[in-house]
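The values are calculated or read from the model by the stated rules, or taken from the named source; none is laboratory data. As the structure is a prediction and not an experimental result, all values here were calculated from the model. A quick note on method: Cβ atoms are made from the backbone with ideal geometry, for glycine too, and the neighbour counts reach across all protein chains shown.
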Amino acid sequence: MDAQASDDSRRDMIAISPYNQLALPALPQGRGRIQILDTTLRDGEQAPGIALSSDDKVRIAGALDDLGVDFIEAGFAVSSDIELETIKRINDLGLHATVLSLARSVNRDIDAVAETGVDTVHTFIGTSDLHRRFKLKMTKDEIVKRAVETVEYARSRGLKVQFSCEDATRTELDYLIEVYSAVAEAGACAINVPDTVGVIVPQGMNYLVGELAKHISVPISVHCHNDLGLATANSLAAIESGATIVQGTIGGIGERTGNVALEEVAINLFANYGIQTVDLAKIGPTARLVERITGFPLAYNKPLVGRNAFSHESGIHVHGVMSNAFTYEPLKPELIGTDRHIVIGKHSGEHSVAGRLKELGIQMPEDRMPDLMAAIKAAAIGDKEIDDNELAAIVDHVLSRDTERKDAVTLDGVAVLTGKGITSTATVNITISGEHRTSAETGVGPVDAAIRAIAEAVGGQYTLEEYKLAAINGTSQSLCEVTVMVRNHAREGTGLAVGKAVGPDVVQTSIDAMVAAVNRDLIKQ
Ligand code: KIV
Ligand code: ZN
């Protein structure tokens, strides 16, 4: 496939609003291509709850490079010897991306960065009134002087410099222009505009970057935090007014509510502005890797990479998606290397279940679908989702039930008492051939007590010969499948009958299997 064809085929995987093209401005020309600076390993790792080992960081750096980011901010070299060594290891990988380290506007920090062997430093100093007065206790002039001296020192140590005014979006515009102009003149190769606590709105960012672009000739970078949920919109607004580097993290991890999620930026740039940045098909795998390694779970509803982003359960949506996925999706999941997930659960309609069965190659007679739907609803208690193996087991269970013959025994109610230091007791209410019966038994555990109570209630002639329990998908949320074999001592021959049941609760499912076995046996009479 040539590049144009693959670009066109990717475009066919997106169904955005036609109003976007009518309303979006043309991007400023001549400022160069849009580049992505990933700070997952620095600002991302600063998120409370994330602590990465050196090996973890090296693995993530490899994945980021595969994804195709332009810069990897690998850490904050001066923060510890391990951090410095890790940045060095990442730099020594010889990645395509430029590896850089953060540094305060302090010469000692620059020395640490130089020691890592990287060729670029990202240096910063707070410039807002809040930072000047309450953090740095420095005057405006002192801050400009320090910023310039540090850039000059970094240049003298052979480093390229990207420079940030921390809290830029709460800094006076004329002062920002003064600081950025001074550091650019001192040799900074890019200036970065951090929205440190996520307080600007897209129109504000558009204005701010537009004003800076009138005065600053080096590339402008943007660094948005997501405190008020506007990080993606703000990053795009900055690009619209002249920024060409976007800093962010995978999955939007970072301090407090995080940094801008780079995958959101990349997809919006592609879909709405026709700009290709990273390899879109690697977005899903990279986000999953970062999630696994950091142990920081992506919110289920996280755009693009959360587990619900391409999941459908309600009947109307599944029906629509199966007819044309764009009815309820903005883009095809394969565009970003992820899967659609049709969830079978309590909201599923017959159409979704039939569709899933077809995909799995499982035959189900149409006239048995109502029974299957009832069994699914019974199994999908709470938020329980039915996976493919569980669905297959429910189908087997439903199809194994005799539709012609009415069950002789039905379970009307059950109560089980169990716990540490007490003997498990079960009480069951059943109807057998129209007669209501109650029986209570004790056992070594709740399942044993319940099975004994059923055996007693149906007449005492049954003993349990075999009991098998399986968690179908091997998790504690799994549906379980219970198979029992009972012997009817009142019957001639072996008197054996098998019963099976599938359900979410071990005790209840064991009772259902026992009742099924007794009904099987009674059919023979
Ligand atoms: O959010 C911020 O201001 C930062 C700077 C260090 C760039 O992360
Ligand atoms: Zn930040």
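In the list A15, A26, which residue meets the criterion of being more than 16 Å from ligand 1 (Cβ to nearest atom) and over 30 Å from A325 (Cβ atoms)?
Exactly one of A15, A26 is more than 16 Å from ligand 1 (Cβ to nearest atom) and over 30 Å from A325 (Cβ atoms), namely A26.
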Handout entry: Sole residue being in a strand (DSSP E or B), at pLDDT below 90 and more than 36 Å from the chain's Cα centre (by Cα), chosen from A497, A470, A490, A440
Key = A497
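Only one of G493, G443 is over 30 Å from I376 (Cβ atoms) and in contact with a helix residue (DSSP H, G or I) (Cβ under 6 Å, 6 or more places away or on another chain). Can you tell me which?
Values: G493 fails: in contact with a helix residue (DSSP H, G or I) (Cβ under 6 Å, 6 or more places away or on another chain).
Going through G493, G443 in turn, the sole match is G443.
Given the structure, is V343 touching a strand residue (DSSP E or B) at 6+ places or on another chain (Cβ under 6 Å) and touching a residue at least 24 places away in the same chain (Cβ under 8 Å)? Quick ask: steps written out before the conclusion?
Working: touching a strand residue (DSSP E or B) at 6+ places or on another chain (Cβ under 6 Å): yes; touching a residue at least 24 places away in the same chain (Cβ under 8 Å): yes.
Yes, satisfied.
Going by the structure shown, is I250 more than 17 Å from D167 (Cβ to Cβ) and more than 15 Å from ligand 2 (Cβ to nearest atom)?
Working: more than 17 Å from D167 (Cβ to Cβ): yes; more than 15 Å from ligand 2 (Cβ to nearest atom): no.
Taking the combined requirement at face value, the residue does not satisfy it.
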Completion exercise
Matching residues in segment 1-58 (surrounded by 12 or more Cβ atoms within 10 Å (Cβ to Cβ) and either within 16 Å of ligand 2 (Cβ to nearest atom) or within 16 Å of T86 (Cα to Cα) (or both)) number 18
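Out of all the residues in segment 159-167, is one or more within 15 Å of ligand 1 (Cβ to nearest atom), within 33 Å of the chain's Cα centre (by Cα) and over 30 Å from R89 (Cα atoms)? Before the answer, list the steps.
If we filter segment 159-167 for residues that are within 15 Å of ligand 1 (Cβ to nearest atom), which is where we start, we get 161-167.
Adding the requirement that they be within 33 Å of the chain's Cα centre (by Cα) leaves 162-167.
Next cut, over 30 Å from R89 (Cα atoms) only: 167.
Yes, that holds for at least one residue.
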Completion exercise
For segment 370-384 the number of residues that are farther than 22 Å from V428 by Cβ and either modelled with pLDDT under 85 or among the basic types (K, R) (or both) is 4
Handout entry: Failed criterion for E73 (all others in (1) charged (D, E, K, R); (2) at pLDDT below 95; (3) assigned to a strand (DSSP E or B) hold)
Key = (2)
Handout entry: The one condition in (1) closer than 30 Å to L212 by Cα; (2) within 16 Å of ligand 2 (Cβ to nearest atom); (3) without any contact (Cβ under 8 Å) to a residue 40 or more places away in the chain; (4) surrounded by fewer than 21 Cβ atoms within 10 Å (Cβ to Cβ) that S79 fails to fulfil
Key = (1)
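Look at E334 and say whether it is modelled with pLDDT of 85 or more, surrounded by fewer than 17 Cβ atoms within 10 Å (Cβ to Cβ), in a helix (DSSP H, G or I) and acidic (D, E).
Details: modelled with pLDDT of 85 or more: yes; surrounded by fewer than 17 Cβ atoms within 10 Å (Cβ to Cβ): yes; in a helix (DSSP H, G or I): yes; acidic (D, E): yes.
In short, yes.
May I ask you to list the residues in segment 253-291 that are more than 16 Å from ligand 2 (Cβ to nearest atom), acidic (D, E) and not in a helix (DSSP H, G or I)? Steps first, answer last, please.
So the first thing to find is which residues in segment 253-291 are more than 16 Å from ligand 2 (Cβ to nearest atom), and the list is 263-264, 266-291.
From what's left, acidic (D, E): 263-264, 279, 291.
Within segment 253-291, just D279 meets the criteria.
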Exercise for the section: Scan segment 192-204 and give yes if some residue there is of a type in the set (A, V, I, L, M, F, W, C), buried (at least 24 other Cβ atoms within 10 Å of the Cβ) and in a strand (DSSP E or B), otherwise no. Expected result: yes
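Could you say which residue among A237, A233, A213, A184 is part of a helix (DSSP H, G or I), crowded, with 24+ Cβ neighbours inside 10 Å and of a type outside the set (V, I, T)?
Values: A233 fails: crowded, with 24+ Cβ neighbours inside 10 Å; A213 fails: crowded, with 24+ Cβ neighbours inside 10 Å; A184 fails: crowded, with 24+ Cβ neighbours inside 10 Å.
The unique qualifying residue is A237.
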